[in-house]
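The values are calculated or read from the model by the stated rules, or taken from the named source; none is laboratory data. All values derive from a computational prediction rather than experimental measurement. We place every Cβ from the backbone using ideal geometry, glycine too, and count neighbours over all the protein chains shown.
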Amino acid sequence: MIVDQFGRQFRNLRLSLTAACNYACTYCVPDGKRLLAASSELSAQQMIRALKLLIDTAGIDKLRITGGEPLLSPKFDELLPAITQMGLSDISITTNGQLVPRKARLIIDSGIQRINLSLDTLNAEKFRSIARSGDLATVLRGIEILQEAGIRLKINMVPMRNQNHDQILPLLEYCLSRNIELRFIELMNMGHLQGSPLYRQQFFGMHDILGQIAQNYEYVRTDAPFDSTAVRFEIPGRGFFGIIANESEPFCKSCTRIRLSSNGELYGCLSSAKSYPMTQLLELPNPIAMAKLQDVLYGALADKQTLGFSGEVTVMKFIGG
Ligand code: SAM
(Lines give C-alpha, C1' and ligand atoms only; values in the text may rest on other atoms or scores of the structure.)
Protein backbone atom coordinates (compact mmCIF):
# COMPACT_ATOMS: atom_id res chain seq x y z
CA MET A 1 0.00 0.00 0.00
CA ILE A 2 1.32 3.45 -0.86
CA VAL A 3 1.12 5.91 2.04
CA ASP A 4 2.60 9.39 2.37
CA GLN A 5 4.03 11.21 5.40
CA PHE A 6 0.55 12.46 6.39
CA GLY A 7 -0.88 8.95 6.40
CA ARG A 8 -2.75 9.58 3.17
CA GLN A 9 -3.31 6.77 0.70
CA PHE A 10 -5.58 6.43 -2.28
CA ARG A 11 -8.84 4.84 -1.16
CA ASN A 12 -11.43 6.76 -3.18
CA LEU A 13 -11.51 6.74 -6.95
CA ARG A 14 -13.55 9.17 -9.01
CA LEU A 15 -14.07 7.75 -12.44
CA SER A 16 -15.13 10.18 -15.15
CA LEU A 17 -17.06 8.25 -17.80
CA THR A 18 -17.07 11.09 -20.28
CA ALA A 19 -16.22 14.78 -20.44
CA ALA A 20 -19.46 15.40 -22.35
CA CYS A 21 -22.32 17.04 -20.49
CA ASN A 22 -25.90 18.00 -21.27
CA TYR A 23 -25.52 21.16 -19.14
CA ALA A 24 -23.10 24.07 -19.47
CA CYS A 25 -23.10 25.37 -15.86
CA THR A 26 -21.71 28.88 -15.55
CA TYR A 27 -19.11 27.85 -12.94
CA CYS A 28 -17.87 24.91 -15.00
CA VAL A 29 -17.97 26.09 -18.61
CA PRO A 30 -17.08 29.48 -20.16
CA ASP A 31 -19.79 31.36 -22.07
CA GLY A 32 -20.55 30.01 -25.50
CA LYS A 33 -18.93 26.62 -24.96
CA ARG A 34 -20.58 23.22 -24.94
CA LEU A 35 -19.11 20.17 -23.31
CA LEU A 36 -18.00 17.52 -25.72
CA ALA A 37 -16.45 14.15 -25.12
CA ALA A 38 -12.65 14.23 -24.81
CA SER A 39 -10.72 12.84 -27.75
CA SER A 40 -9.76 9.17 -27.29
CA GLU A 41 -11.97 8.38 -24.32
CA LEU A 42 -11.48 4.93 -22.82
CA SER A 43 -13.96 2.21 -23.77
CA ALA A 44 -16.07 0.52 -21.11
CA GLN A 45 -13.77 -2.53 -21.25
CA GLN A 46 -10.67 -0.36 -20.80
CA MET A 47 -12.29 1.35 -17.81
CA ILE A 48 -13.07 -2.01 -16.24
CA ARG A 49 -9.43 -3.09 -16.70
CA ALA A 50 -8.20 0.22 -15.23
CA LEU A 51 -10.51 -0.17 -12.27
CA LYS A 52 -9.32 -3.69 -11.51
CA LEU A 53 -5.69 -2.56 -11.68
CA LEU A 54 -6.36 0.38 -9.37
CA ILE A 55 -8.25 -1.78 -6.89
CA ASP A 56 -5.40 -4.34 -6.79
CA THR A 57 -2.49 -1.88 -6.79
CA ALA A 58 -3.70 1.15 -4.86
CA GLY A 59 -6.23 -0.51 -2.57
CA ILE A 60 -9.17 1.50 -3.87
CA ASP A 61 -12.33 0.46 -2.08
CA LYS A 62 -14.69 3.35 -2.79
CA LEU A 63 -15.77 4.51 -6.20
CA ARG A 64 -17.72 7.44 -7.45
CA ILE A 65 -18.91 7.42 -11.05
CA THR A 66 -18.91 10.94 -12.41
CA GLY A 67 -18.15 13.07 -15.48
CA GLY A 68 -19.03 15.25 -17.45
CA GLU A 69 -22.48 13.78 -17.11
CA PRO A 70 -22.07 10.02 -16.54
CA LEU A 71 -25.66 9.12 -17.47
CA LEU A 72 -25.12 10.64 -20.89
CA SER A 73 -22.45 8.11 -21.80
CA PRO A 74 -23.47 4.86 -23.54
CA LYS A 75 -20.72 3.27 -21.38
CA PHE A 76 -22.84 3.85 -18.30
CA ASP A 77 -25.23 1.00 -19.20
CA GLU A 78 -22.39 -1.47 -19.68
CA LEU A 79 -20.22 -0.33 -16.79
CA LEU A 80 -22.73 -0.06 -14.01
CA PRO A 81 -23.60 -3.78 -13.70
CA ALA A 82 -19.89 -4.69 -14.04
CA ILE A 83 -18.77 -2.24 -11.36
CA THR A 84 -21.28 -3.47 -8.82
CA GLN A 85 -19.69 -6.95 -9.10
CA MET A 86 -16.20 -5.77 -8.11
CA GLY A 87 -16.53 -6.11 -4.35
CA LEU A 88 -16.06 -2.40 -3.58
CA SER A 89 -17.31 -1.24 -0.17
CA ASP A 90 -19.04 1.83 -1.56
CA ILE A 91 -20.20 2.89 -5.02
CA SER A 92 -21.99 6.11 -5.78
CA ILE A 93 -22.87 8.22 -8.80
CA THR A 94 -22.69 12.00 -9.20
CA THR A 95 -25.25 13.21 -11.71
CA ASN A 96 -27.15 16.34 -12.63
CA GLY A 97 -30.30 14.18 -12.61
CA GLN A 98 -31.59 15.18 -16.02
CA LEU A 99 -31.47 11.61 -17.34
CA VAL A 100 -32.47 9.89 -14.11
CA PRO A 101 -36.09 9.24 -15.15
CA ARG A 102 -34.81 7.54 -18.33
CA LYS A 103 -32.10 5.50 -16.58
CA ALA A 104 -33.99 4.75 -13.38
CA ARG A 105 -34.64 1.06 -14.09
CA LEU A 106 -30.96 0.39 -14.80
CA ILE A 107 -29.84 2.30 -11.70
CA ILE A 108 -32.32 0.62 -9.39
CA ASP A 109 -31.61 -2.87 -10.78
CA SER A 110 -27.85 -2.34 -10.33
CA GLY A 111 -28.31 -2.21 -6.56
CA ILE A 112 -26.61 1.19 -6.21
CA GLN A 113 -27.37 2.55 -2.73
CA ARG A 114 -26.19 6.16 -2.95
CA ILE A 115 -26.43 8.99 -5.44
CA ASN A 116 -25.23 12.58 -5.28
CA LEU A 117 -27.35 14.84 -7.37
CA SER A 118 -26.35 18.37 -8.33
CA LEU A 119 -29.06 21.00 -8.01
CA ASP A 120 -28.29 24.70 -7.59
CA THR A 121 -31.79 26.15 -7.38
CA LEU A 122 -35.49 25.34 -7.12
CA ASN A 123 -36.39 28.26 -9.35
CA ALA A 124 -36.98 27.10 -12.94
CA GLU A 125 -35.76 30.35 -14.49
CA LYS A 126 -32.58 30.48 -12.41
CA PHE A 127 -32.05 26.83 -13.16
CA ARG A 128 -31.92 27.61 -16.89
CA SER A 129 -29.63 30.57 -16.38
CA ILE A 130 -27.10 28.56 -14.33
CA ALA A 131 -27.23 25.18 -16.09
CA ARG A 132 -27.93 26.83 -19.47
CA SER A 133 -29.86 23.73 -20.41
CA GLY A 134 -32.10 21.07 -18.91
CA ASP A 135 -35.40 21.15 -17.14
CA LEU A 136 -35.93 21.53 -13.39
CA ALA A 137 -39.18 19.50 -13.28
CA THR A 138 -37.41 16.50 -14.83
CA VAL A 139 -34.71 16.62 -12.13
CA LEU A 140 -37.32 16.85 -9.37
CA ARG A 141 -39.15 13.88 -10.85
CA GLY A 142 -35.84 11.96 -10.90
CA ILE A 143 -35.34 12.73 -7.20
CA GLU A 144 -38.78 11.32 -6.40
CA ILE A 145 -38.16 8.14 -8.39
CA LEU A 146 -34.83 7.49 -6.63
CA GLN A 147 -36.28 8.17 -3.20
CA GLU A 148 -39.22 5.87 -3.82
CA ALA A 149 -36.70 3.14 -4.73
CA GLY A 150 -34.97 3.65 -1.36
CA ILE A 151 -31.73 5.09 -2.78
CA ARG A 152 -29.98 7.45 -0.35
CA LEU A 153 -29.54 10.91 -1.84
CA LYS A 154 -27.31 13.85 -1.24
CA ILE A 155 -27.90 17.06 -3.14
CA ASN A 156 -24.91 19.22 -4.12
CA MET A 157 -25.46 22.95 -4.44
CA VAL A 158 -22.84 25.54 -5.42
CA PRO A 159 -24.02 28.81 -3.84
CA MET A 160 -22.96 31.92 -5.75
CA ARG A 161 -23.42 35.50 -4.62
CA ASN A 162 -26.22 37.27 -6.50
CA GLN A 163 -26.82 34.17 -8.61
CA ASN A 164 -28.46 31.63 -6.35
CA HIS A 165 -27.49 32.44 -2.75
CA ASP A 166 -31.17 33.20 -2.09
CA GLN A 167 -31.84 29.52 -2.82
CA ILE A 168 -29.88 28.27 0.20
CA LEU A 169 -32.88 28.28 2.54
CA PRO A 170 -35.46 26.93 0.03
CA LEU A 171 -33.14 24.10 -0.98
CA LEU A 172 -32.30 23.31 2.64
CA GLU A 173 -35.99 23.11 3.56
CA TYR A 174 -36.68 20.97 0.47
CA CYS A 175 -33.93 18.54 1.53
CA LEU A 176 -34.77 18.46 5.25
CA SER A 177 -38.39 17.67 4.52
CA ARG A 178 -37.35 14.72 2.31
CA ASN A 179 -34.56 13.34 4.50
CA ILE A 180 -31.92 14.28 1.92
CA GLU A 181 -28.54 15.63 3.05
CA LEU A 182 -27.75 18.92 1.34
CA ARG A 183 -24.09 19.66 0.60
CA PHE A 184 -23.04 23.19 -0.17
CA ILE A 185 -19.90 23.24 -2.31
CA GLU A 186 -17.86 26.42 -2.03
CA LEU A 187 -17.21 27.78 -5.50
CA MET A 188 -13.86 26.42 -6.64
CA ASN A 189 -11.27 28.49 -8.39
CA MET A 190 -11.01 26.20 -11.40
CA GLY A 191 -11.00 26.34 -15.17
CA HIS A 192 -12.17 29.67 -16.62
CA LEU A 193 -12.71 31.07 -13.08
CA GLN A 194 -8.93 31.00 -12.46
CA GLY A 195 -7.72 34.57 -12.69
CA SER A 196 -11.22 35.91 -13.39
CA PRO A 197 -12.78 38.62 -11.16
CA LEU A 198 -15.99 36.57 -11.37
CA TYR A 199 -14.57 34.11 -8.89
CA ARG A 200 -14.23 36.65 -6.04
CA GLN A 201 -17.48 38.37 -6.99
CA GLN A 202 -19.47 35.14 -6.83
CA PHE A 203 -17.68 33.29 -4.03
CA PHE A 204 -20.13 32.65 -1.21
CA GLY A 205 -18.23 30.84 1.53
CA MET A 206 -18.99 28.81 4.61
CA HIS A 207 -19.31 31.83 6.89
CA ASP A 208 -21.95 33.40 4.64
CA ILE A 209 -23.77 30.11 4.08
CA LEU A 210 -24.03 29.54 7.82
CA GLY A 211 -25.20 33.14 8.27
CA GLN A 212 -28.12 32.47 5.93
CA ILE A 213 -29.01 29.19 7.62
CA ALA A 214 -28.89 30.78 11.08
CA GLN A 215 -31.79 33.04 10.05
CA ASN A 216 -34.15 30.05 10.14
CA TYR A 217 -32.48 27.16 11.94
CA GLU A 218 -30.36 26.28 14.94
CA TYR A 219 -27.54 23.97 13.99
CA VAL A 220 -24.60 22.25 15.68
CA ARG A 221 -21.40 21.03 14.12
CA THR A 222 -21.01 17.24 14.17
CA ASP A 223 -18.16 14.81 13.55
CA ALA A 224 -17.32 13.71 10.03
CA PRO A 225 -15.22 10.66 9.03
CA PHE A 226 -11.39 11.17 8.66
CA ASP A 227 -11.41 11.46 4.89
CA SER A 228 -14.70 13.25 4.47
CA THR A 229 -14.55 16.35 2.30
CA ALA A 230 -17.49 17.96 4.07
CA VAL A 231 -17.83 19.84 7.33
CA ARG A 232 -21.06 18.40 8.72
CA PHE A 233 -23.84 20.04 10.74
CA GLU A 234 -27.01 18.81 12.43
CA ILE A 235 -30.26 20.67 12.75
CA PRO A 236 -31.59 18.82 15.79
CA GLY A 237 -34.85 17.05 15.08
CA ARG A 238 -34.70 17.85 11.35
CA GLY A 239 -31.58 16.39 9.78
CA PHE A 240 -28.07 17.10 8.54
CA PHE A 241 -26.31 19.31 6.02
CA GLY A 242 -22.68 19.65 4.99
CA ILE A 243 -20.35 22.24 3.52
CA ILE A 244 -17.50 21.29 1.24
CA ALA A 245 -15.36 24.19 2.32
CA ASN A 246 -12.50 23.97 -0.16
CA GLU A 247 -11.37 27.48 0.78
CA SER A 248 -12.65 28.14 4.26
CA GLU A 249 -11.62 24.81 5.76
CA PRO A 250 -9.54 22.82 3.27
CA PHE A 251 -9.48 19.05 3.63
CA CYS A 252 -6.25 18.39 1.74
CA LYS A 253 -4.45 16.84 4.71
CA SER A 254 -6.89 13.95 4.85
CA CYS A 255 -7.68 13.63 1.15
CA THR A 256 -7.63 10.03 -0.12
CA ARG A 257 -9.00 10.73 -3.60
CA ILE A 258 -7.57 9.92 -6.97
CA ARG A 259 -9.24 10.66 -10.28
CA LEU A 260 -9.27 8.83 -13.58
CA SER A 261 -10.35 11.03 -16.48
CA SER A 262 -12.41 9.72 -19.35
CA ASN A 263 -9.33 9.69 -21.60
CA GLY A 264 -7.29 7.58 -19.19
CA GLU A 265 -5.29 10.21 -17.24
CA LEU A 266 -4.77 9.78 -13.51
CA TYR A 267 -4.81 12.90 -11.32
CA GLY A 268 -3.64 12.83 -7.70
CA CYS A 269 -4.94 16.27 -6.78
CA LEU A 270 -7.57 18.73 -7.99
CA SER A 271 -5.08 21.53 -7.39
CA SER A 272 -2.54 20.07 -9.78
CA ALA A 273 -2.76 19.87 -13.56
CA LYS A 274 -0.18 17.07 -13.49
CA SER A 275 -1.56 13.83 -14.89
CA TYR A 276 -0.31 10.33 -15.61
CA PRO A 277 -1.45 8.39 -18.67
CA MET A 278 -2.84 4.96 -17.96
CA THR A 279 -3.99 3.86 -21.42
CA GLN A 280 -0.82 2.05 -22.53
CA LEU A 281 -0.44 0.40 -19.17
CA LEU A 282 -3.78 -1.33 -19.71
CA GLU A 283 -2.25 -3.44 -22.51
CA LEU A 284 0.45 -4.94 -20.28
CA PRO A 285 0.24 -8.24 -18.41
CA ASN A 286 -0.79 -7.90 -14.77
CA PRO A 287 2.54 -8.01 -12.84
CA ILE A 288 4.22 -5.51 -15.19
CA ALA A 289 1.16 -3.25 -15.29
CA MET A 290 0.91 -3.26 -11.49
CA ALA A 291 4.62 -2.47 -11.03
CA LYS A 292 4.38 0.44 -13.46
CA LEU A 293 1.16 1.66 -11.89
CA GLN A 294 2.80 1.59 -8.46
CA ASP A 295 5.43 4.10 -9.70
CA VAL A 296 2.69 6.28 -11.15
CA LEU A 297 0.80 6.23 -7.86
CA TYR A 298 3.85 7.42 -5.91
CA GLY A 299 4.07 10.40 -8.27
CA ALA A 300 0.34 11.16 -8.07
CA LEU A 301 0.30 10.96 -4.26
CA ALA A 302 3.19 13.42 -4.09
CA ASP A 303 1.09 15.91 -6.10
CA LYS A 304 -1.38 16.31 -3.25
CA GLN A 305 -1.39 19.64 -1.43
CA THR A 306 -1.03 19.75 2.32
CA LEU A 307 -2.19 23.23 3.19
CA GLY A 308 -5.13 24.04 1.03
CA PHE A 309 -6.80 24.09 -2.30
CA SER A 310 -5.04 26.59 -4.51
CA GLY A 311 -7.09 26.10 -7.66
CA GLU A 312 -6.10 25.00 -11.11
CA VAL A 313 -6.79 25.75 -14.73
CA THR A 314 -8.04 22.20 -15.16
CA VAL A 315 -11.77 21.93 -15.59
CA MET A 316 -13.84 19.73 -13.33
CA LYS A 317 -15.66 18.10 -16.22
CA PHE A 318 -12.43 16.65 -17.57
CA ILE A 319 -11.07 15.19 -14.40
CA GLY A 320 -14.34 14.25 -12.77
CA GLY A 321 -16.02 16.37 -10.13
N1 SAM B 1 -22.56 16.15 -14.25
C2 SAM B 1 -22.47 15.64 -12.92
C3 SAM B 1 -23.12 16.59 -11.94
O4 SAM B 1 -23.57 17.67 -12.36
O5 SAM B 1 -23.21 16.26 -10.77
C6 SAM B 1 -21.07 15.26 -12.46
C7 SAM B 1 -19.93 16.16 -12.81
S8 SAM B 1 -19.95 17.77 -12.07
C9 SAM B 1 -18.43 18.42 -12.69
C10 SAM B 1 -19.61 17.37 -10.37
C11 SAM B 1 -19.79 18.46 -9.38
O12 SAM B 1 -18.80 19.43 -9.57
C13 SAM B 1 -21.13 19.15 -9.45
O14 SAM B 1 -21.78 19.06 -8.20
C15 SAM B 1 -20.76 20.59 -9.76
O16 SAM B 1 -21.64 21.46 -9.14
C17 SAM B 1 -19.35 20.68 -9.22
N18 SAM B 1 -18.52 21.75 -9.79
C19 SAM B 1 -18.11 21.92 -11.06
N20 SAM B 1 -17.37 23.04 -11.18
C21 SAM B 1 -17.30 23.60 -9.94
C22 SAM B 1 -16.68 24.77 -9.40
N23 SAM B 1 -15.95 25.60 -10.14
N24 SAM B 1 -16.82 25.00 -8.07
C25 SAM B 1 -17.54 24.16 -7.29
N26 SAM B 1 -18.14 23.06 -7.75
C27 SAM B 1 -18.04 22.78 -9.05
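Here are a few things to note about the model shown:
- Near pairs, Cβ below 9 angstrom, 6+ apart or cross-chain, from segment 135-147 (in contact (Cβ under 8 Å) with a residue 12 or more places away in the chain and under 16 Å from residue 114 (Cα atoms)) to any residue that is in a helix (DSSP H, G or I) and among the small types (Gly, Ala, Ser): 142/104; 145/104; 146/104
- Segment 243-261, residues that are at pLDDT below 95, charged (D, E, K, R) and buried (at least 19 other Cβ atoms within 10 Å of the Cβ): 257
- The strands (runs of 3 or more DSSP E) found entirely in segment 180-285 that carry 1 or more residues being touching a helix residue (DSSP H, G or I) at 6+ places or on another chain (Cβ under 7 Å) and on the phi > 0 side of the Ramachandran plot are 239-244.
- Residue within segment 89-107 that is out of contact with any strand residue (DSSP E or B) (no Cβ under 8 Å at 6 or more places or on another chain) and in contact (Cβ under 8 Å) with a residue 60 or more places away in the chain present: yes
- Out of 228, 177, 254, sole residue that is over 24 Å from residue 29 (Cα atoms), without any contact (Cβ under 8 Å) to a residue 12 or more places away in the chain and among the polar types (S, T, N, Q): 177
- When 156, 189 are screened for being within 13 Å of the ligand (Cβ to nearest atom) and either aliphatic (A, V, I, L, M) or at pLDDT 95 or above (or both), only 156 passes.
- In segment 23-72, residue farthest from the ligand (Cβ to nearest atom) [restricted to those that are surrounded by fewer than 20 Cβ atoms within 10 Å (Cβ to Cβ), on the phi > 0 side of the Ramachandran plot and in contact (Cβ under 8 Å) with a residue 40 or more places away in the chain]: 59
- Check on residue 264, at pLDDT 85 or above, more than 16 Å from the ligand (Cβ to nearest atom), surrounded by 18 or more Cβ atoms within 10 Å (Cβ to Cβ) and closer than 19 Å to residue 39 by Cβ: yes
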